[in-house]
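To start, the structure itself, in structure tokens.
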Amino acid sequence: MTSVSAPTPHQAEAAETATAAGAGAATVAGTAEAPGIPAQAAVPRGLVLGVQLPLPWGIPVRRALDDALGGEPGIEIVDVPATGDPDRRPRVLLIGPGLRAERPPAWFGEVEWVHTVSAGIDSYPSWLLSAPVVTCSRGLHATQISEWLVTALLTGARQNSWVTAPVTFPRPTPGALLAGSTLGIVGFGEIGQAVARRALALEVDVVALRRRGRPSPVDGVRLLPDLAGLLAVSDAVLLSAAATPETHHLINETTLRQVKPGVHLLNIARGTLIDQEALRTALDDGRVRLASLDVTDPEPLPADHWLFAHSQVRVSPHIGGWAPDLERSIARRFHENLLRYRSGQPLIGLVDPAVGY
């Protein structure tokens, strides 16, 4: 295997498993549930892999990728610049968010498979997602995001537990118990399911929104068919759905009238799922007791944004999905998919650009 220099800089970054668009191509080793790759790519020779990753975090991903592919024969890695053409035209593209070209470059017509390092595809241009096969890194963030959620739930419930000076009776009440409360999950993909398993272990009742008529993949979770019903019974609501036109401002003035009074709203999906001005009103009038947000709109927020100053809001800077070995996990997932690609097997993390995840 040969490789070139470190990644070229360019501007820098849920949901249910979806079937991928077949783009009319014949597939091998695929089914309607798990399409394969274009038949002509089943045994590629002299495979050219194009890589474009944002700096600085793209550097450890690239290093992990080089380590993972060190023993793979017949693979040439080329860097794909933000503008202009790569040295060789890639058949496979590993890419991070930030590519903003308005139209596909000439070399893109030969790309058979695009893999994104992020779980969501909302930050990528539509032409990039028109490749015959598109996959993402869905599921790699489930453990760490579910731990973020449990942390937020526990600290939200056990407020006023810590002191910095001696206290006398009556002592401040610590808040509420999680056990016996109800968590509503909007977006019951791999992240939502990981959250549900941990919440159930804390004796939390879990309901989830899932419009497709399939049984719950997690025992003990009750599926609800509509958002209004979920909001009405949930003491805490987690947003973990993909960002699509249908989920834009899913939480808005209307839906915030349907929440259980004093709800704890948590968002680990995308900031665009919440109408933040409607949220401010609901916080001020008590409908929402607390908002814990790992994502906002925009990102990063201006320094003087009201979310930073509001006493009932806690913001983390989109780090819920971080883990010490995340870069290697991304490289391992891509390597596994590359082995599947070369042998004509169905790929992991297939997305359907038409539905947005």
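None of L347, L338 is assigned to a loop (DSSP other than H, G, I, E, B) and either farther than 30 Å from P90 by Cβ or not small (G, A, S) (or both) except L347. Here P104, P56 are screened, and the one residue that is more than 24 Å from E336 (Cβ to Cβ) and either part of a helix (DSSP H, G or I) or over 24 Å from the mean Cα position of the chain (by Cα) (or both) is P104. If we scan region 325-342, do we find a residue that is modelled with pLDDT of 95 or more, under 17 Å from the mean Cα position of the chain (by Cα) and closer than 30 Å to Q159 by Cα? Scanning region 325-342, I find no residue that is modelled with pLDDT of 95 or more, under 17 Å from the mean Cα position of the chain (by Cα) and closer than 30 Å to Q159 by Cα, so the answer is no. Under 14 Å from the mean Cα position of the chain (by Cα) and either β-branched (V, I, T) or loosely packed, with under 13 Cβ neighbours inside 10 Å (or both), is that true of T116? Against the criterion (under 14 Å from the mean Cα position of the chain (by Cα) and either β-branched (V, I, T) or loosely packed, with under 13 Cβ neighbours inside 10 Å (or both)), T116 qualifies.
Just so you know, in region 84-101 the residues that are closer than 17 Å to F334 by Cβ and at pLDDT 85 or above include one that is surrounded by the fewest Cβ atoms within 10 Å (Cβ to Cβ), and it is R91.
Could you list all residues from region 124-139 that are under 26 Å from P317 (Cα atoms) and in contact with a Leu (Cβ under 7 Å, 6 or more places away or on another chain)? Answer for region 124-139, where residues must be under 26 Å from P317 (Cα atoms) and in contact with a Leu (Cβ under 7 Å, 6 or more places away or on another chain): Y124, P125, T135. Evaluation of I191 against the conditions (1) of a type outside the set (F, W, Y); (2) surrounded by 13 or more Cβ atoms within 10 Å (Cβ to Cβ); (3) out of contact with any His (no Cβ under 9 Å at 6 or more places or on another chain) shows that the sole unmet condition is (3). Considering T182, T164, the condition of being out of contact with any His (no Cβ under 7 Å at 6 or more places or on another chain), among the β-branched types (V, I, T) and surrounded by fewer than 15 Cβ atoms within 10 Å (Cβ to Cβ) is satisfied by T164 alone. Restricting V134, V167 to residues that are more than 27 Å from S234 (Cα to Cα) and either assigned to a strand (DSSP E or B) or at pLDDT 95 or above (or both) narrows the list to V134. Quick test for you: out of G139, G175, G180, G192, pick the one residue that is among the small types (G, A, S) and outside any loop (DSSP other than H, G, I, E, B). So the residue among G139, G175, G180, G192 that is among the small types (G, A, S) and outside any loop (DSSP other than H, G, I, E, B) is G192. State yes or no: is T254 closer than 28 Å to T281 by Cβ, of a type in the set (S, T, Y) and in contact with a helix residue (DSSP H, G or I) (Cβ under 6 Å, 6 or more places away or on another chain)? When the stated conditions are applied, T254 does not pass them.
Number of residues in region 67-83 that are more than 22 Å from E110 (Cα to Cα) and surrounded by fewer than 14 Cβ atoms within 10 Å (Cβ to Cβ): the value is 3.
Note on region 111-137: residues that are of a type in the set (D, E, K, R) and touching a strand residue (DSSP E or B) at 6+ places or on another chain (Cβ under 9 Å) amount to 1.
V351 satisfies every condition listed in (1) in contact with a Phe, Trp or Tyr (Cβ under 7 Å, 6 or more places away or on another chain); (2) in the same structural domain as L154 (by the TED database) except (2).
The values are calculated or read from the model by the stated rules, or taken from the named source; none is laboratory data. Since we're looking at a predicted model, the values are computed, not measured. So basically every Cβ, Gly included, is an ideal-geometry build from the backbone, and we count neighbours across all protein chains shown.
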